[in-house]
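The structure appears below as structure tokens.
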Amino acid sequence: MRQQPKIIGITGGISSGKSTVGRMLASLGAEYLDADEMCHRLFLVQELKNKIVEKFGNTVQDIYGKIDRSRLAEIVFQDKTCLDDLCSILHPIVIERIKSRINEIEKQGRRKAVVVDAALLEESDLSLICDFIIFVNTGRDHRLERSRVSRHWKEDELDKRERFQMALEDKKRKADYIVDNNFAVDNTFRQVKEFWQLYIEC
């Protein structure tokens, strides 16, 4: 009988290196599903774009009529109700797409594992479909530096956004495996490989 792929969820703070760990798992043979990327693609779907503009006003559009993600983020990360409104528009579709993609991968039977990289893995209950949850443990200073370099954020932006997520200690406690991403990339990959050998290739 063909073995079902294991579902691996990745959690951690903002800019902790979740997608790096996800890509490392992909290099070992997993299928990598990025919920953030799926959300970004949804901004191009006319029907959803209309719902977002209807909910948050024309100011969330740029001069070409596309959703200005930084303007939208400015609005939703000021107010929990606004963030919940946006999540209620995007999340059901993203969750549906992730589940449907997992079904396809299971039918193809070519992968030992599927990685779900979703910022709100715990909050959206996607964690319930996971066999394992990896928490990427990265110190605040590293995360601040990464968000400054890659996202051009000011220092308070990271804290402001993390206030809307489950506390890191709670995420860490719920995880099955912790990857320490405070050192060199080789060190992180060694831990990811160890996880793969212990839980996926066994």
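Numbers at a glance
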| read-out | value |
| --- | --- |
| Karplus-derived HN-Hα couplings along the range 60-70 (A = 6.51, B = -1.76, C = 1.60, θ = phi - 60°), whole Hz, x at Gly and Pro | 7, 9, 8, 5, 9, x, 8, 6, 8, 5, 6 |
| Ratio Rg/Rh, restricted to the chain and using Cα atoms, in which Rh is the Kirkwood radius | 0.98 |
| Euclidean distance between Cα centres, the range 164-202 to the range 1-26, Å | 9 Å |
| Net lengthening on full extension, HIS40/ILE89 (0.36 nm per residue, minus Cα-Cα) | 16.4 nm |
| Gained length - ARG151 relative to GLU104, 0.36 nm times residue gap less alpha-carbon distance | 13.6 nm |
| Computed [θ] at 222 nm, deg cm²/dmol, the chain (DSSP H ≥ 4; -39,500 (n - 2.57); rounded to nearest 500) | -16000 deg cm²/dmol |
| Integer Hz, Karplus 6.51/-1.76/1.60 couplings in order for the range 13-25, x for Gly and Pro | x, 5, 6, 8, x, 4, 6, 5, 5, x, 5, 4, 5 |
| Interchain or long-range residues, amide H under 5 Å from THR11's placed H | ILE134, PHE135, VAL136 |
| Sites GLN3 and THR59 - FRET efficiency at Förster radius 45 Å, r taken between beta-carbons, to 0.05 | 0.35 |
| Derived scalar couplings ³J(HN,Hα) [the range 112-119; Karplus, 6.51 cos²θ - 1.76 cosθ + 1.60; whole Hz; x for Gly, Pro] | 7, 7, 10, 9, 10, 9, 9, 4 |
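No value in this document is a laboratory result; all are computed from the given coordinates. Just so it is clear, the model here is predicted, and its values are computed rather than measured. Every residue, glycine as well, gets a Cβ built from its backbone with ideal geometry; the counts of neighbours run over all protein chains shown.
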